[in-house]
1. Outside the structural domain of residue 247 (by TED's automatic domain parsing) and assigned to a loop (DSSP other than H, G, I, E, B) - does that describe any residue in the range 4-13?
2. Suppose we filter 225, 162, 154 for residues that are in contact with a strand residue (DSSP E or B) (Cβ under 9 Å, 6 or more places away or on another chain), surrounded by 12 or more Cβ atoms within 10 Å (Cβ to Cβ) and within 30 Å of residue 262 (Cβ to Cβ); which single one remains?
3. Can you find, within the range 139-149, the residue that is nearest to residue 263 (Cα to Cα) among those that are within 19 Å of the chain's Cα centre (by Cα) and part of a loop (DSSP other than H, G, I, E, B)?
4. Confirm whether residue 92 is outside the structural domain of residue 251 (by TED's automatic domain parsing), surrounded by 13 or more Cβ atoms within 10 Å (Cβ to Cβ) and modelled with pLDDT of 85 or more.
5. Residues in the range 209-216: is at least one assigned by TED's automatic domain parsing to the domain that holds residue 121 and buried (at least 19 other Cβ atoms within 10 Å of the Cβ)?
6. Considering only the range 23-138, give the helices (runs of 4 or more DSSP H) lying wholly within it that have at least 3 residues that are in contact with a strand residue (DSSP E or B) (Cβ under 8 Å, 6 or more places away or on another chain).
7. For residue 20, state whether it is over 30 Å from residue 145 (Cβ atoms) and loosely packed, with under 12 Cβ neighbours inside 10 Å.
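The values are calculated or read from the model by the stated rules, or taken from the named source; none is laboratory data. Because the structure is predicted, anything quoted here is derived from the model rather than measured. Don't worry about glycine lacking a Cβ; one is built from the backbone with ideal geometry, like all the others, and counts go over all protein chains shown.
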């Protein structure tokens, strides 16, 4: 434990926070730079004496739950939280994926893609947000509930989910989806939502057989072929923008100009915006 380093870090983070940052009134007679120690202690759900001794530095070795409480109280970023744990002599905790919260930068990019099929997907294969063109191409994938929110789960449990893809591509899609889940499982571990999804799919023979192969997903995202009920066949390039912090991906589908797929996609845009 680096007591002096921990004390200096806590003081710096406390002084950097303003009352408005944590929903506290500033008041007229405030002289303290940043927050007062008693305010931080209340935010961290600990006694003022305990917190003060950490800053002096003469306090006890804080436990991991106590450090987590301090990280929340001081509104630390993930990087700052990891640094706090390391100063206290612990390994940085496993980062928990933050589910449905979409990065503001990805949201701004998606807003500019109104005439393009694009959607945000998380590490469970759940679609969080789609452009209108993506809904026209793939249907409203945000309407599913429960485990069926995951395209990975639907692929192995609902035969209707495969109708949008040529039969000859089904084996490839199965392998890619299992590899994607396998990578998320390796990152998140056995006590995670990914593990629950994997356990639920083990009863499917196709999934179980592929899972035993320990498939690894490559970084290249090639073309995808679709069978749309209104416009027919589409061969689209899938470009992926990854947000590692949120464990989410922005998928953007485009067609090569001058091809039949490009013409069909333009026709779909007319149908999708009626």
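1. No: zero hits.
2. Working: 162 fails: in contact with a strand residue (DSSP E or B) (Cβ under 9 Å, 6 or more places away or on another chain); 154 fails: in contact with a strand residue (DSSP E or B) (Cβ under 9 Å, 6 or more places away or on another chain).
Criteria check complete, one pass: 225.
3. Filtering first and then ranking leaves 141.
4. No; evaluated as a whole, the condition is false for this residue.
5. The first filter runs over the range 209-216 and keeps only residues assigned by TED's automatic domain parsing to the domain that holds residue 121, leaving 209-216.
Subset that is buried (at least 19 other Cβ atoms within 10 Å of the Cβ): 210.
Taking every residue of the range 209-216 in turn, at least one turns out to be assigned by TED's automatic domain parsing to the domain that holds residue 121 and buried (at least 19 other Cβ atoms within 10 Å of the Cβ).
6. Working: elements: 37-43, 48-55, 64-73, 78-87, 104-111, 132-138.
Result: 104-111, 132-138.
7. yes
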